[in-house]
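The values are calculated or read from the model by the stated rules, or taken from the named source; none is laboratory data. From a predicted model like this one, the values you see are computed outputs, not experimental measurements. Using ideal geometry, Cβ is built from the backbone for each residue, glycine included, and neighbour counts are taken over all protein chains shown.
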Amino acid sequence: MTNSLLDQSLHFTAHHHVDGANVKMKVEHVDFWYGDNQALYDVNLDIYDNEVTAFIGPSGCGKTTLLRCLNRTNDIIPGVRIEGLITLDDHDIYEKGADPVHLRRRFGWVAQKPNPFSSSIYKNVIYGPSIQGMVDSRDDRDEIVETSLKRAGMWDEVKDRMDMPGTDLSGGQQQRLCIARAIATDPKVILMDEPCSALDPIATAHVEDLIDELREEYAIVIITHNMQQAARIAQRTAFFHLGEMVEAGETEQIFMDPHDWTRKRGV
């Protein structure tokens, strides 16, 4: 067996990690428990601004747990415990007195399965800014909706049917609507949990193109089980196994010349 994670037919189309890129989030010596069951072991990772970081690894290895640690949505689960340090823009997000609700507003979340509201396209997009008190007038709302849908690459598709229920869109359009909803609140980081797993290849290609465009404005973290997808869109990749982050680095190096994981796992 070769020392590459994938065979040589894999093509890397994502731009390389940019030297000197700003670290948006830092994860340092993070351990995490669900009750007595430890799910993460001493995870250390830098997440860079204007880059896509992919989390890969088998099911149950801790990818989603770490993703939810980044925006503190694990907090709502009874009996969880975290140790270590996670910072956003050099601020400890778990520091005493930090407001998890306020923190979560700095993150956009895109789920595995498209989950638009049954209300109109317009109300789907403006929901977050409205409940967060970001808008004062109809003109403000209209501007946020239009800008968000343009960023999500679907303004021209839906601008004449804004009253249409979001649930009436195609699967790919629904996911792009969810992305528009996620970025409408002007987050600092976008978190995506297998956003293309329920989509057909054409819709997946649209979402991947969108992710590549959005990274010019955001730090993006994506969980994917599709190795080719990670190679196409991620500048950096972190490989997880049994709750450990075994290795992280530039995507091409992780796939084609891994330093640690093959040796540690005997592959």
| Has the range 36-52 got any residue that is of a type outside the set (S, T, N, Q), part of a strand (DSSP E or B) and closer than 30 Å to THR167 by Cβ? | yes
| request: Scan the range 111-133 for residues that are in contact (Cβ under 8 Å) with a residue 24 or more places away in the chain, of a type in the set (A, V, I, L, M) and out of contact with any Gly (no Cβ under 8 Å at 6 or more places or on another chain) and jot them down. | output: ALA111, VAL125, ILE126
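Filter the range 1-35 down to the residues that are in a loop (DSSP other than H, G, I, E, B), closer than 22 Å to LEU70 by Cα and not hydrophobic (A, V, I, L, M, F, W, C), then identify the one that is modelled with the lowest pLDDT. Even if it seems obvious, please write down each step before you answer.
Our first condition is that a residue be in a loop (DSSP other than H, G, I, E, B); within the range 1-35, this holds for 1-22, 35.
Within this subset, residues satisfying the condition of being closer than 22 Å to LEU70 by Cα are 17, 21-22, 35.
Narrowing the set further to residues that are not hydrophobic (A, V, I, L, M, F, W, C) leaves 17, 22, 35.
Details: HIS17: 59, ASN22: 92, GLY35: 96.
Top of the filtered list is HIS17.
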| GLN112 under 27 Å from ASN71 (Cα atoms) and part of a helix (DSSP H, G or I) | no
| field | Cross-chain or 6+ apart pairs with Cβ under 7 Å, the range 41-56 first and touching a residue at least 24 places away in the same chain (Cβ under 8 Å) and surrounded by fewer than 18 Cβ atoms within 10 Å (Cβ to Cβ), then in a loop (DSSP other than H, G, I, E, B) and charged (D, E, K, R) | value | ASN50/ARG215; ASN50/GLU216
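Condition check: among the polar types (S, T, N, Q) and surrounded by fewer than 19 Cβ atoms within 10 Å (Cβ to Cβ). Does SER148 satisfy that? Write out each step before concluding.
Values: among the polar types (S, T, N, Q): yes; surrounded by fewer than 19 Cβ atoms within 10 Å (Cβ to Cβ): no.
No: the conditions fail for SER148.
With respect to ASP92, determine if the residue is without any contact (Cβ under 8 Å) to a residue 12 or more places away in the chain, of a type in the set (D, E, K, R) and either touching a strand residue (DSSP E or B) at 6+ places or on another chain (Cβ under 7 Å) or surrounded by 15 or more Cβ atoms within 10 Å (Cβ to Cβ) (or both). Explain how you work it out, then say what you get.
Working: without any contact (Cβ under 8 Å) to a residue 12 or more places away in the chain: yes; of a type in the set (D, E, K, R): yes; either touching a strand residue (DSSP E or B) at 6+ places or on another chain (Cβ under 7 Å) or surrounded by 15 or more Cβ atoms within 10 Å (Cβ to Cβ) (or both): yes.
Taking the combined requirement at face value, the residue satisfies it.
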| request: Answer yes or no as to whether TYR122 is closer than 19 Å to THR73 by Cβ, over 14 Å from the mean Cα position of the chain (by Cα) and hydroxyl-bearing (Ser, Thr, Tyr). | output: no
| field | Filtered residues of the range 55-69 (kept if more than 23 Å from TYR94 (Cα to Cα) and among the aliphatic types (A, V, I, L, M)) | value | ILE56
| remark: Wholly inside the range 161-267, helices (runs of 4 or more DSSP H) that include 3 or more residues that are touching a Leu at 6+ places or on another chain (Cβ under 9 Å) and either surrounded by fewer than 19 Cβ atoms within 10 Å (Cβ to Cβ) or of a type in the set (Gly, Ala, Ser) (or both) are 171-183, 227-233
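Given the residues ILE86, ILE77, which is the only one that is over 21 Å from ALA248 (Cα atoms) and either in contact (Cβ under 8 Å) with a residue 40 or more places away in the chain or surrounded by 16 or more Cβ atoms within 10 Å (Cβ to Cβ) (or both)?
Numbers: ILE86 fails: over 21 Å from ALA248 (Cα atoms).
Testing whether each residue is over 21 Å from ALA248 (Cα atoms) and either in contact (Cβ under 8 Å) with a residue 40 or more places away in the chain or surrounded by 16 or more Cβ atoms within 10 Å (Cβ to Cβ) (or both) leaves just ILE77.
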| said: If GLY128 satisfies all but one of (1) outside any loop (DSSP other than H, G, I, E, B); (2) surrounded by fewer than 20 Cβ atoms within 10 Å (Cβ to Cβ); (3) modelled with pLDDT under 95, what's the number of the condition it fails? | reply: (2)
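Starting from residues that are outside any loop (DSSP other than H, G, I, E, B) and of a type in the set (Lys, Arg), keep the ones in the range 57-74 and report whichever is surrounded by the fewest Cβ atoms within 10 Å (Cβ to Cβ). Working first, answer last.
Keep residues of the range 57-74 that are outside any loop (DSSP other than H, G, I, E, B), which gives 63-70, 73-74.
Now narrow it down to the ones that are of a type in the set (Lys, Arg): 63, 68.
Details: LYS63: 26, ARG68: 19.
Step by step, filter the range 57-74, then rank; the result is ARG68.
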